[in-house]
1. Please enumerate the residues belonging to the stretch 129-153 that are open to solvent by 10 Å² or more (accessible area, probe 1.4 Å) and assigned to a helix (DSSP H, G or I).
2. Residues that are of a type in the set (Val, Ile, Thr) and under 18 Å from the mean Cα position of the chain (by Cα): find the strands (runs of 3 or more DSSP E) completely inside the stretch 208-290 holding 2 or more of those.
3. Identify the residue in the stretch 171-191 that is touching a residue at least 40 places away in the same chain (Cβ under 8 Å) and open to solvent by 20 Å² or more (accessible area, probe 1.4 Å) and, among all such residues, is nearest to Phe262 (Cα to Cα).
4. Specify which of the listed residues (Ala215, Ala204) is more than 28 Å from Gly109 (Cβ to Cβ), small (Gly, Ala, Ser) and touching a Phe, Trp or Tyr at 6+ places or on another chain (Cβ under 8 Å).
5. Among what's in the stretch 68-83 and is touching a strand residue (DSSP E or B) at 6+ places or on another chain (Cβ under 8 Å) and not small (Gly, Ala, Ser), pick the residue that is farthest from Arg107 (Cα to Cα).
6. Can you say whether Gly136 is at pLDDT below 95 and within 30 Å of Val225 (Cα to Cα), as far as the supplied structure shows?
7. So Arg156 passes all but one of these: (1) assigned to a loop (DSSP other than H, G, I, E, B); (2) buried (at least 21 other Cβ atoms within 10 Å of the Cβ); (3) out of contact with any helix residue (DSSP H, G or I) (no Cβ under 8 Å at 6 or more places or on another chain). Which condition number does it fail?
Amino acid sequence: MSTQPIEITTPAILASIASTPATFLMCPPKLYDVNYVINPWMAGNVHASSRTRAAEQWQRLYEAVTTIAQVQLVEPQPGSPDMVFTANAGLERDGTVAISSFFHPERQGEEPHFRRWFQLAGYTVVDTPRTTPFEGEGDALFSTDGTRLWVGYGPRTDPSSHNPLRKIWGIEVTSLHLIDPRFYHLDTCFAPLAGGYVMYFPEAFDKASRAKIEAFYPAEKRIIVSESDAICFACNAINVDRTIILNNISTDLRHQLETRGFNLIEVTLTEFLKAGGAAKCLVMKLSRPEKEAVSLAS
């Protein structure tokens with residue numbers, strides 16, 4: 001691929017992040033593979049993904065994202081084939097990053113690599129304890145109005161991690177219980193969208209969690225996703241203003257989104273679906289970092 005990872009050696013990253021309304025962190029899939037099974041999508045797909053096709057699909061996603069946002073790159077590291085799914089690296093807001101504490105040992109080796117990247121880039125870094133698993137933006141999504149942090153729990157993130165997140169940013173945190181193992185992270189079945197909309201697959205949540213979503217989002221703002229679209233990770237979408245980038249979806253869902261004023265960019269991401277990820281899993285949203293990084297214990 002022609003894209004090269006950006007080295008963090010100058011203030012250029014700080015300036016570029018500050019000068020754009022949206023910035024995302026991505027990781028080239030040079031070392032991507034399905035090496036183990038830690039979610040239902042990986043079962044039967046060990047070493048079944050084509051790295052060549054994955055590189056081509058990632059490149060198309062990268063090109064689509066750069067049409068609406070700035071992209072920073074982190075270099076993939078040996079032994080961490082899932083680093084490409086940068087959404088799971090942590091959760092960032094206002095220059096502070098809560099670094100993930102992965103549930104599965106297979107992904108815990110990613111943590112020091114992401115921690116170092118954020119420290120060098122100038123973010124304040126907060127480590128989350130190993131005893132309270134938390135998997136970053138995969139399970140934690142801010143509402144687009146910034147008033148609430150939705151945090152999933154179940155297969156990966158422990159609900160005991162939610163209160164520390166509330167303290168870090170002083171924001172209201174609403175916990176959502178994920179009950180379908182296919183939707184092991186919140187961002188696989190729930191997507192806050194511009195204009196106060198939400199796109200979600202209700203059956204991924206228990207009854208109490210569905211009630212919380214419905215209490216926050218009025219009926220006219222809820223976009224219900226069918227199971228056939230959900231298992232293609234339609235909710236795993238990147239949204240900047242009125243543009244949504246996502247894997248291929250049905251004509252019906254496309255119509256629902258377009259009639260609400262969204263512009264869609266569909267990018268085929270079949271190689272990453274084999275590991276249980278799609279567009280949103282492959283990016284992590286960033287804002288401007290602080291001038292100096294401070295490593296804190298949670």
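The values are calculated or read from the model by the stated rules, or taken from the named source; none is laboratory data. Remember, predicted model here, so these are calculated numbers, not experimental data. Cβ: placed from backbone, ideal geometry, glycine included. Neighbour counts: every protein chain shown. Ligands, DNA and RNA are excluded from the accessible area calculation, which covers all protein heavy atoms including side chains. Shrake-Rupley method; radii C 1.70, N 1.55, O 1.52, S 1.80 Å.
1. Glu137
2. In the stretch 208-290, 238-240, 243-246 are the strands (runs of 3 or more DSSP E) which contain 2 or more residues that are of a type in the set (Val, Ile, Thr) and under 18 Å from the mean Cα position of the chain (by Cα).
3. Arg182
4. Answer to the check: Ala204.
5. It comes out as Ile68.
6. Criteria not met by Gly136.
7. (3)
Rundown of residues vs (1) β-branched (Val, Ile, Thr); (2) surrounded by 23 or more Cβ atoms within 10 Å (Cβ to Cβ); (3) modelled with pLDDT of 95 or more, yes/no style:
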| position | (1), (2), (3) |
| --- | --- |
| Arg51 | no, no, no |
| Glu56 | no, no, yes |
| Gln59 | no, no, yes |
| Val74 | yes, yes, yes |
| Asp94 | no, no, no |
| Ala98 | no, yes, yes |
| Phe103 | no, no, no |
